[in-house]
Structure formats: C-alpha cells, structure tokens
1. Within the set of pairs 6+ apart or on separate chains, which have a first residue in the range 60-78 that is at pLDDT below 85, a second that is open to solvent by 20 Å² or more (accessible area, probe 1.4 Å), and C-beta atoms under 7 Å apart?
2. Can we say Ser32 is surrounded by 13 or more Cβ atoms within 10 Å (Cβ to Cβ) and either out of contact with any Phe, Trp or Tyr (no Cβ under 8 Å at 6 or more places or on another chain) or modelled with pLDDT under 85 (or both)?
3. I need a count of the residues in the range 10-29 that are exposed (fewer than 14 other Cβ atoms within 10 Å of the Cβ) and in a loop (DSSP other than H, G, I, E, B).
4. Given the structure, is Asp39 under 9 Å from the mean Cα position of the chain (by Cα), open to solvent by 10 Å² or more (accessible area, probe 1.4 Å) and modelled with pLDDT under 95?
Amino acid sequence: MPQWTTFTPDGRLLVVSRKKDGWTVVCGERGSAQHDLLDVALIDAIRKDADVVGHSMRIDYATWARALADQLQRSAGNPD
C-alpha cells in the first residue's frame, strides 16, 4: 500500500494512502476521509479538520487538491 506524507498549503500534516478500494486521507488531527477519487478524499479530509474554516477564504483548495491528486496518482502508476 503506497503512502505519501505532505502538507496542506496552510501547513497541516496530510497523509495519503492508496488502497485496493480507493484512497484514504488524514489531515491534521481531526480530518479523515476515504473515497475512490483522490481529490474528493483530499477535500473531504481537509474540511473535516477544524482549522480549515479559518483558512478557506484565502486558499483555493479545489485547485490545489486536483493538482496534488494528479501528482500522486502519476507516482502511484494510476492515471485516473
């Protein structure tokens, strides 16, 4: 199971894991999500982390999540 560790644009720890049935993302201390689409799992985990409310107006998380999803999917050998 491939796993990556990185940070959100505002500095929160982000752990992404690839599993047979999709992607698992853990953001900060409270955000956790699983989905077959990586960008959806990223946004869901970020939203579940309590600190995102204060930062959401300054960062375009959708664009950032899509770019990160593309990068991680390429490195995992999964073009989708």
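The values are calculated or read from the model by the stated rules, or taken from the named source; none is laboratory data. Values in this document were obtained by computation on a predicted structure and should not be read as measured data. As a convention, Cβ positions derive from the backbone with ideal geometry for all residues, glycine included, and neighbour counts pool all protein chains shown. Ligands, DNA and RNA are excluded from the accessible area calculation, which covers all protein heavy atoms including side chains. Shrake-Rupley method; radii C 1.70, N 1.55, O 1.52, S 1.80 Å.
1. Pairs found: Tyr61/Ile43; Ala76/Pro2; Ala76/Arg18.
2. Details: surrounded by 13 or more Cβ atoms within 10 Å (Cβ to Cβ): yes; either out of contact with any Phe, Trp or Tyr (no Cβ under 8 Å at 6 or more places or on another chain) or modelled with pLDDT under 85 (or both): yes.
The answer is yes for Ser32.
3. Summing the residues that are exposed (fewer than 14 other Cβ atoms within 10 Å of the Cβ) and in a loop (DSSP other than H, G, I, E, B) in the range 10-29 gives 4.
4. Yes, satisfied.
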